[in-house]
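Right, one structure below, let's go through it.
The values are calculated or read from the model by the stated rules, or taken from the named source; none is laboratory data. This is a predicted model, so every value here is computed, not measured. Here the Cβ positions follow ideal geometry from the backbone for every residue, glycine too, while neighbour counts run over all protein chains shown. The area values use the complete protein model at the heavy-atom level, side chains included, leaving out ligands, DNA and RNA. Shrake-Rupley method; radii C 1.70, N 1.55, O 1.52, S 1.80 Å.
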Amino acid sequence: MTQWFEEEKFWLETYDSVFPAKKFEEADGEVEQILKLVGHKGGPALDLCCGPGRHLLALAKRGIAATGVDRTAFLLAKARQRLGAEGLTAEFHQTDMRDFVQEKSFDLVLSMFTSFGYFADKDDDLKVLRNIQRSLRPGGSLVIDIVSKEIVARVFKDVVHVLLPSGAEVFETREIVDDWTRIRGLRRTIGTDGSMHRHEFEHRIYSAQELKDLMLRAEFSTARAYGGFDGSPYDDKSQRLVVVGVR
């Protein structure tokens, strides 16, 4: 059975709302903070589920040998276009992250923008972490950026309305399911021409402790939680959960 994120149509029709201009503007500063947070020395980096290349571009601009992995051809085409416009290059792989392993190839792996936890089977998340652990060089770092269970509990809204710069409107309904382990949602986008796109989605939500424990099960030597890429404490005011695992 095809899962929601495997449908190219989802990414085509939600692109403007999922990847607004502000997200691209923020990426360079986020990468700068990440490199300082993990003490990166300039070695090869992997952006797993790289999407349209927001963070891949920031890595390549710094002369880092960057690799982007995504299963969606449309998003990879956007990433290639974005880097090409800047005269930059990266290595690209169109594949599912459950299948991607390059033994001891990277000093840094990024998993950004809540791109971890899509799978219906939790064991697949563990498989991905084990793939990453194998792909990192000894001492290399994994940075996972998600909206955590604690943050969802604090700011959850069951209905969200967003007006896009194009004039299109997004209406999203959400619910917590499966004993507070998953979010299920329905997104309706109404275009300025009156057209409507309807998409269902679902993903797993982790607490900081749950995600750290899963990393340790995947044989990372350490896993540490932060409230941002700046290394701030993960506390009741945090807007994101950033967990750094070291091989």
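Of all residues in region 43-65, count the ones that are under 18 Å from F113 (Cα atoms) and of a type in the set (G, A, S). Step through it out loud before you land on a result.
First, the residues of region 43-65 that are under 18 Å from F113 (Cα atoms): 45-59.
Now narrow it down to the ones that are of a type in the set (G, A, S): 45, 51, 53, 58.
Of the residues in region 43-65, 4 are under 18 Å from F113 (Cα atoms) and of a type in the set (G, A, S).
Kindly indicate the residue of region 215-247 that is of a type in the set (A, V, I, L, M, F, W, C), under 18 Å from the mean Cα position of the chain (by Cα) and open to solvent by less than 10 Å² (accessible area, probe 1.4 Å) and also farthest from D107 (Cα to Cα) among those meeting that condition.
Among those that are of a type in the set (A, V, I, L, M, F, W, C), under 18 Å from the mean Cα position of the chain (by Cα) and open to solvent by less than 10 Å² (accessible area, probe 1.4 Å), it is L241.
For every residue, the table says whether it meets (1) touching a residue at least 60 places away in the same chain (Cβ under 8 Å); (2) among the aromatic types (F, W, Y); (3) surrounded by 14 or more Cβ atoms within 10 Å (Cβ to Cβ).
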| site | (1), (2), (3) |
| --- | --- |
| A153 | no, no, no |
| F156 | no, yes, no |
| V159 | no, no, no |
| R174 | no, no, yes |
| V177 | no, no, no |
| S195 | no, no, no |
| E200 | yes, no, no |
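Please work out which residue is farthest from R182 (Cα to Cα), limiting yourself to region 116-134 and to residues that are assigned to a loop (DSSP other than H, G, I, E, B) and open to solvent by 10 Å² or more (accessible area, probe 1.4 Å). Outline the logic, then answer.
Taking region 116-134 first, the residues assigned to a loop (DSSP other than H, G, I, E, B) are 116-121.
Subset that is open to solvent by 10 Å² or more (accessible area, probe 1.4 Å): 118, 120-121.
Details: Y118: 9, A120: 9, D121: 11 Å.
Among those residues, the one meeting the criterion is D121.
Those residues that are closer than 22 Å to S105 by Cα and in a loop (DSSP other than H, G, I, E, B), I need them from region 1-52; list them, please.
Once the filter is applied, which keeps residues that are closer than 22 Å to S105 by Cα and in a loop (DSSP other than H, G, I, E, B), region 1-52 yields G39, H40, K41, G42, G43, P44, C49, C50, G51.
Is it fair to say G140 is under 22 Å from E32 (Cα atoms) and surrounded by fewer than 18 Cβ atoms within 10 Å (Cβ to Cβ)? So that I can check it myself, show each step before the final result.
Working: under 22 Å from E32 (Cα atoms): yes; surrounded by fewer than 18 Cβ atoms within 10 Å (Cβ to Cβ): no.
Considered against the rule, which asks whether it is under 22 Å from E32 (Cα atoms) and surrounded by fewer than 18 Cβ atoms within 10 Å (Cβ to Cβ), G140 comes out as no.
Looking only at region 15-71, how many residues end up being open to solvent by 50 Å² or more (accessible area, probe 1.4 Å), in contact (Cβ under 8 Å) with a residue 60 or more places away in the chain and under 17 Å from the mean Cα position of the chain (by Cα)?
5
Being assigned to a helix (DSSP H, G or I) and open to solvent by 10 Å² or more (accessible area, probe 1.4 Å) is the requirement here; does K78 meet it? Give the steps one after another, and end with the answer.
On the way: assigned to a helix (DSSP H, G or I): yes; open to solvent by 10 Å² or more (accessible area, probe 1.4 Å): yes.
Spelling it out, K78 is indeed assigned to a helix (DSSP H, G or I) and open to solvent by 10 Å² or more (accessible area, probe 1.4 Å).
Residues in region 159-204 that are more than 22 Å from A120 (Cβ to Cβ), assigned to a loop (DSSP other than H, G, I, E, B) and among the acidic types (D, E): how many?
Just the residues of region 159-204 that are more than 22 Å from A120 (Cβ to Cβ), to begin with: 159-171, 188-197.
Right, trim to assigned to a loop (DSSP other than H, G, I, E, B) and you get 164-168, 191-195.
Subset that is among the acidic types (D, E): 193.
Of the residues in region 159-204, 1 are more than 22 Å from A120 (Cβ to Cβ), assigned to a loop (DSSP other than H, G, I, E, B) and among the acidic types (D, E).
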